[in-house]
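Read through the structure below, which is laid out as structure tokens, and then see the notes.
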Amino acid sequence: MASLYEVLGISMGASGHEIKAAYRKLARTCHPDVVAMNQKESSANMFMKIHSAYSTLSDPDKRAKYDRETYGHKVMMRSSSNMATSASMSATYQSFSQQGRKWETDQCYI
């Protein structure tokens, strides 16, 4: 069985905009209203898969749950590295702000 990412033809790191664009592109070609009469049944099944994939991946909570259940620790490792990066950026900002500087004014004079 193909993953939801494969159904839409996108990568795991796809943004919300990329997910929506892939869905709309596939919906235009697979929707039962636009295919020939002899392909309506297979088209309807394919469209339902595409719509299901889109509804899951376009919702951040559903997507996170799907990723955890499908890919397990791989997703957890990726998100923990993102948290480490944001913690590092937060520490940098705190040290900068403790010096009494204001980013808005200091960026012009450094």
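The values are calculated or read from the model by the stated rules, or taken from the named source; none is laboratory data. Here the structure is a predicted model, which means the values were calculated and not measured. All Cβ positions, even for glycine, are placed from backbone atoms using ideal geometry, and neighbour counts span all protein chains on display. When the accessible area is computed, the model is the full protein with side chains, heavy atoms only, and any ligands, DNA or RNA have been set aside. Shrake-Rupley method; radii C 1.70, N 1.55, O 1.52, S 1.80 Å.
Please enumerate the residues belonging to the stretch 21-51 that are within 10 Å of Leu8 (Cβ to Cβ) and either without any contact (Cβ under 8 Å) to a residue 40 or more places away in the chain or open to solvent by 50 Å² or more (accessible area, probe 1.4 Å) (or both).
Listed by number, the residues that qualify are Ala21, Ala22, Tyr23, Lys25, Leu26, Lys49.
Going by the conditions given, is Ser55 among the hydroxyl-bearing types (Ser, Thr, Tyr), under 21 Å from Ser3 (Cβ atoms) and at pLDDT below 85?
Considered against the rule, which asks whether it is among the hydroxyl-bearing types (Ser, Thr, Tyr), under 21 Å from Ser3 (Cβ atoms) and at pLDDT below 85, Ser55 comes out as no.
Small (Gly, Ala, Ser) and either crowded, with 17+ Cβ neighbours inside 10 Å or in contact (Cβ under 8 Å) with a residue 60 or more places away in the chain (or both), is that true of Ser3?
Answer is yes for this residue.
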